[in-house]
Amino acid sequence: MPINHTGSQRRAQTAVLASIVTMADSSFDIVSKIDPMEARNAVDQAQKEISQRYDFKGVGAEADWSGTERLLIKASTEERAKAVLDVVESKFVKRGISLKSLDVGKPYASGKEFRIEVGLKNGIASDDAKKVAKIIRDEGPKSVKAQIQGDELRVTSKSRDDLQSTMALLKGKDLEVALQFVNFR
């Protein structure tokens, strides 16, 4: 004998089934990437300022790309090379690129000029990813799980509020790597 449900019972069952379906885990990815066009624009602006500034006239000051993810800064003295580096760094900050994304080398002499090599960091190194995952595990909400996937981290939880508090926790930490949060689902 079939059971007849009233309309309200059917709606209640449908609501329960819908809530079970929508309780899938929410997630976001933690990455450390530099927009290559923003980096190129920052270096172009720095080159323009260097060519126009009076204190850089006649000292062979320049900042140029040496490959896709390396900058080479040149000047006749170590102090001028550091001044060029300051100009480049200020342009990166204005373009929204964190200085934590730059790997600045020591000034070294090369013939009659001083050089500074600057590398751009893309991706989260394995030990940095482990540090971030440990912070999430130790200090974050208990429902949040972090998985290392290559050069990024995937953070999952049933609660979106827990994910947002995890983002706030990581933004408040002083880490050696610039973090961006993407793919919030």
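The values are calculated or read from the model by the stated rules, or taken from the named source; none is laboratory data. Every value quoted in this text rests on a predicted model; they were computed, and no experiment measured them. All Cβ positions, glycine included, derive from the backbone under ideal geometry; neighbour counts span all protein chains shown.
Look through the stretch 121-139, keep the residues that are in contact with a helix residue (DSSP H, G or I) (Cβ under 9 Å, 6 or more places away or on another chain), of a type in the set (A, V, I, L, M, F, W, C) and not in a loop (DSSP other than H, G, I, E, B), and return whichever of them is nearest to residue 97 (Cα to Cα).
Looking at residues that are in contact with a helix residue (DSSP H, G or I) (Cβ under 9 Å, 6 or more places away or on another chain), of a type in the set (A, V, I, L, M, F, W, C) and not in a loop (DSSP other than H, G, I, E, B), I get 132.
Just the residues that are among the hydroxyl-bearing types (Ser, Thr, Tyr) and either within 13 Å of residue 71 (Cβ to Cβ) or crowded, with 18+ Cβ neighbours inside 10 Å (or both), please, taken from the stretch 99-120. Write out each step before concluding.
Within the stretch 99-120, the first condition is being among the hydroxyl-bearing types (Ser, Thr, Tyr), and the residues that meet it are 101, 108, 110.
Selection gives 101 alone.
Specify which of the listed residues (86, 55) is in a helix (DSSP H, G or I) and modelled with pLDDT of 90 or more. Steps first, answer last, please.
Values: 55 fails: modelled with pLDDT of 90 or more.
Result of the check over 86, 55: 86.
Let me spell it out: the conditions are (1) within 30 Å of residue 50 (Cβ to Cβ); (2) surrounded by fewer than 18 Cβ atoms within 10 Å (Cβ to Cβ), and residue 91 meets all of them except one. Which number is the exception?
Single failed check for residue 91: (2).
Six or more apart or on different chains, Cβ under 6 Å: which pairs go from a residue in the stretch 114-125 that's touching a residue at least 60 places away in the same chain (Cβ under 8 Å) to one that's part of a strand (DSSP E or B)? Could you list them?
As it stands, the answer is 121/103, since those pairs meet every condition given.
Give just the number: which of (1) loosely packed, with under 14 Cβ neighbours inside 10 Å; (2) of a type in the set (D, E, K, R); (3) within 19 Å of residue 184 (Cβ to Cβ) does residue 142 not satisfy?
Residue 142 satisfies all of (1) loosely packed, with under 14 Cβ neighbours inside 10 Å; (2) of a type in the set (D, E, K, R); (3) within 19 Å of residue 184 (Cβ to Cβ) except (3).
Could we say that residue 30 is at pLDDT 90 or above, closer than 19 Å to residue 123 by Cα and surrounded by 14 or more Cβ atoms within 10 Å (Cβ to Cβ) here? Step through it out loud before you land on a result.
Numbers: at pLDDT 90 or above: no; closer than 19 Å to residue 123 by Cα: yes; surrounded by 14 or more Cβ atoms within 10 Å (Cβ to Cβ): yes.
Here the answer is no, as residue 30 does not meet what is asked.
Quick one: which residue in 103, 127, 86 is under 30 Å from residue 26 (Cβ atoms) and among the acidic types (Asp, Glu)? Reasoning before the result, please.
Numbers: 103 fails: under 30 Å from residue 26 (Cβ atoms); 86 fails: under 30 Å from residue 26 (Cβ atoms).
When all the criteria are applied, what remains is 127.
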